[in-house]
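Below you'll find the structure, written out as structure tokens, and then a few comments.
The values are calculated or read from the model by the stated rules, or taken from the named source; none is laboratory data. Keep in mind that what you see is a predicted model, and the values were worked out from it rather than measured. As a convention, Cβ positions derive from the backbone with ideal geometry for all residues, glycine included, and neighbour counts pool all protein chains shown. Areas reflect the complete protein model, heavy atoms only, side chains present, ligands, DNA and RNA absent. Shrake-Rupley method; radii C 1.70, N 1.55, O 1.52, S 1.80 Å.
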Amino acid sequence: MFNETFGAFYNTIIFKDGTLKPNQKMKIENNSIQKMVEGWVSEPIPFDKRFVYYLLGAKGVCVVPISSFCSELQGFRSDLVRGG
């Protein structure tokens, strides 16, 4: 789900229930980064946190998991960048 933001510096993206699964992965080309991410997700963590670690390792995109804000929702928050 994505709603355009007006007047804020970030957007929040929420996944539909059941979209994120406990063993989902993204392909990470760099083996040392792959090992680092696998270490981060080796303990049980919220699914959205797992997603953002893989997103960072695979694509270099840094976002913040919604579960970090003491929420039951699963998703992420990203900075809003508008082109000129």
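Pairs under 6 Å by beta carbon, first residue touching a residue at least 40 places away in the same chain (Cβ under 8 Å) and of a type outside the set (Ser, Thr, Tyr) in segment 59-74, partner open to solvent by 40 Å² or more (accessible area, probe 1.4 Å) and outside any strand (DSSP E or B), six or more apart or different chains?
Here the result reads 66/73; 74/15; 74/47, each pair linking segment 59-74 to a residue that is open to solvent by 40 Å² or more (accessible area, probe 1.4 Å) and outside any strand (DSSP E or B).
Condition first: of a type in the set (D, E, K, R), in contact with a strand residue (DSSP E or B) (Cβ under 7 Å, 6 or more places away or on another chain) and open to solvent by less than 30 Å² (accessible area, probe 1.4 Å). Now tell me which residues in segment 25-84 satisfy that.
48
Search segment 16-32 for residues that are basic (Lys, Arg) and pair each with any residue that is open to solvent by less than 100 Å² (accessible area, probe 1.4 Å) when their beta-carbon atoms are under 8 Å apart and the residues are at least 6 apart or on different chains.
As it stands, the answer is 21/47; 25/54; 27/58, since those pairs meet every condition given.
All but one of (1) touching a Ser or Thr at 6+ places or on another chain (Cβ under 9 Å); (2) not in a loop (DSSP other than H, G, I, E, B) hold for residue 62; which doesn't?
Here residue 62 meets the rest and fails (2).
If you go through segment 9-24 one residue at a time, how many are assigned to a loop (DSSP other than H, G, I, E, B) and surrounded by fewer than 16 Cβ atoms within 10 Å (Cβ to Cβ)?
Result for segment 9-24: 9.
Hey, could you check segment 65-84 for residues that are outside any loop (DSSP other than H, G, I, E, B) and out of contact with any helix residue (DSSP H, G or I) (no Cβ under 8 Å at 6 or more places or on another chain) and say which is modelled with the lowest pLDDT?
My answer is 79.
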